[in-house]
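A.B. asks: To start, I am sharing the structure in question, which I have written as structure tokens.
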Amino acid sequence: MQVSLYVAASGSRFWAASTSMSLAEVMARAADLGYDAIEIMPRAAGDPDPDVLRATAARYGLTVTAVASGFVAIEQGLTFTHPDGKVRRRAVEAVRACIADARRAGASFVSIGPVRGKLQAGMDPAVALEHLIACLRACGLTAGKMGITLTVEPGNRYETDFIHTVDEAIAFLETLGLPSVRLQADTFHMNIEEGSLAGAIRRAAPYLAHVHLADSNRRAPGWGHLDFEAVIAALREIAYRGGIGLEILFEPDFESAARQGIRFVRDRFDGRAS
């Protein structure tokens, strides 16, 4: 099983998975700990340069498995549900640039999270959802042509007003009807929104492309109160063959958190600790 470490580029405003270390240093440490790949939240399209990112990862025996589009909202304030059509069009173009960067970096996925946005005051939720569908369809068509999969990650109610649960994501994907857009599960968000994490994973099976593990407090798995044994049993039950990404807070420090994450996953999925 491929295990990746999710990291925000130095200087990013993303509050989780952030570090002041250079990407080269992050990759060197991740490789030493036994990770196979990294996932990156850039600061902007082309920053870091995707060709440099790919080459640096290869230098340490890693691949880049995913590029997060969250910077489009976090750094630029652009979302798919903004009431201003010009803003939505800029969001689509920014995500398309992210898709192009992902292909150059050798990544398979671009995640769709904060760029969905939050409901603006006075806006009809049904209209906002129509905007979201239209924008994501445009990006999904681009991704399909480039051989990239977009992954829609249900997010908790405090971070987005759209697509909180696996069931909502499934309904959305079925409406969208694009094979290039699939589902990404994240246990941190699921712990807030799902009645049963295992049940949600079972229902997600036909749509599931990628899984993020983080504990109830967004720290490394095993450092909170989430029932990971039920989650892992459900992933085994559906014969999940995708990758596992660790999107965690680097607390109390990068080394401790990253080590705990890889050990937890290796011990439970393939019986080897790093």
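The values are calculated or read from the model by the stated rules, or taken from the named source; none is laboratory data. Everything quoted here is computed from the prediction, not taken from an experiment. Here Cβ is always computed from backbone atoms with ideal geometry, including for glycine, and neighbour counts include all displayed protein chains. Just the protein is used for accessible areas: all its heavy atoms, side chains included, with ligands, DNA and RNA removed. Shrake-Rupley method; radii C 1.70, N 1.55, O 1.52, S 1.80 Å.
A.B. asks: Can you tell me which residues in the range 153-193 are of a type in the set (D, E, K, R), touching a helix residue (DSSP H, G or I) at 6+ places or on another chain (Cβ under 8 Å) and surrounded by fewer than 20 Cβ atoms within 10 Å (Cβ to Cβ)? Before the answer, list the steps.
C.D. replies: In the first step, residues of the range 153-193 are kept if they are of a type in the set (D, E, K, R); the result is 153, 157, 159, 161, 167-168, 174, 182, 186, 193.
Narrowing the set further to residues that are touching a helix residue (DSSP H, G or I) at 6+ places or on another chain (Cβ under 8 Å) leaves 153, 157, 159, 161, 167, 182.
Within the range 153-193, Arg157, Glu159, Asp161, Asp167 meet the criteria.
A.B. asks: Now, a different point. What residue, among those in the range 108-118 that are free of Cβ contacts under 8 Å to residues at least 60 places away in the same chain and open to solvent by 10 Å² or more (accessible area, probe 1.4 Å), is nearest to Trp15 (Cα to Cα)?
C.D. replies: Residue satisfying both the conditions and the ranking: Pro114.
A.B. asks: Given the residues Glu174, Glu193, which is the only one that is out of contact with any Gly (no Cβ under 9 Å at 6 or more places or on another chain) and among the acidic types (Asp, Glu)?
C.D. replies: Glu174
A.B. asks: I would also like to ask the following. Sort through Ala233, Ala258, Ala198, Ala239 and tell me the only one that's among the aliphatic types (A, V, I, L, M), open to solvent by 40 Å² or more (accessible area, probe 1.4 Å) and outside any loop (DSSP other than H, G, I, E, B).
C.D. replies: Ala233
A.B. asks: Looking at Asp215, Asp227, Asp270, which is the one that is of a type outside the set (Gly, Ala, Ser), crowded, with 21+ Cβ neighbours inside 10 Å and either in contact with a Lys or Arg (Cβ under 6 Å, 6 or more places away or on another chain) or touching a residue at least 12 places away in the same chain (Cβ under 8 Å) (or both)? So that I can check it myself, show each step before the final result.
C.D. replies: On the way: Asp227 fails: crowded, with 21+ Cβ neighbours inside 10 Å; Asp270 fails: crowded, with 21+ Cβ neighbours inside 10 Å.
Checking each option against the conditions leaves just Asp215.
A.B. asks: Just checking, does the range 2-16 include any residue being outside any loop (DSSP other than H, G, I, E, B) and surrounded by fewer than 20 Cβ atoms within 10 Å (Cβ to Cβ)?
C.D. replies: no
A.B. asks: When the range 158-195 is examined, which residues are found to be part of a helix (DSSP H, G or I) and within 15 Å of the chain's Cα centre (by Cα)?
C.D. replies: Val166, Ala169, Thr187, Phe188, His189, Met190
A.B. asks: Give Ala94, Ala121 a once-over and let me know the one that is out of contact with any Phe, Trp or Tyr (no Cβ under 6 Å at 6 or more places or on another chain), open to solvent by 60 Å² or more (accessible area, probe 1.4 Å), among the hydrophobic types (A, V, I, L, M, F, W, C) and more than 12 Å from Leu150 (Cα to Cα).
C.D. replies: Result of the check over Ala94, Ala121: Ala121.
A.B. asks: Still on this structure: Got at least one residue in the range 38-51 being basic (Lys, Arg) and under 30 Å from Asp270 (Cβ atoms)?
C.D. replies: For the range 38-51, residues basic (Lys, Arg) and under 30 Å from Asp270 (Cβ atoms): absent.
A.B. asks: Let me ask something additional. Please enumerate the residues belonging to the range 17-70 that are touching a Cys at 6+ places or on another chain (Cβ under 9 Å), within 17 Å of His212 (Cα to Cα) and assigned to a loop (DSSP other than H, G, I, E, B). Full working, then the answer.
C.D. replies: Within the range 17-70, the first condition is being touching a Cys at 6+ places or on another chain (Cβ under 9 Å), and the residues that meet it are 42, 45, 67-69.
Within this subset, residues satisfying the condition of being within 17 Å of His212 (Cα to Cα) are 67-69.
Of everything in the range 17-70, just one residue is touching a Cys at 6+ places or on another chain (Cβ under 9 Å), within 17 Å of His212 (Cα to Cα) and assigned to a loop (DSSP other than H, G, I, E, B), namely Ser69.
A.B. asks: Check off (1) open to solvent by 20 Å² or more (accessible area, probe 1.4 Å); (2) in contact (Cβ under 8 Å) with a residue 40 or more places away in the chain; (3) under 15 Å from the mean Cα position of the chain (by Cα); (4) under 18 Å from Ala257 (Cα atoms) for Arg29 and give me the number that stays unchecked.
C.D. replies: It is condition (3) that Arg29 fails.
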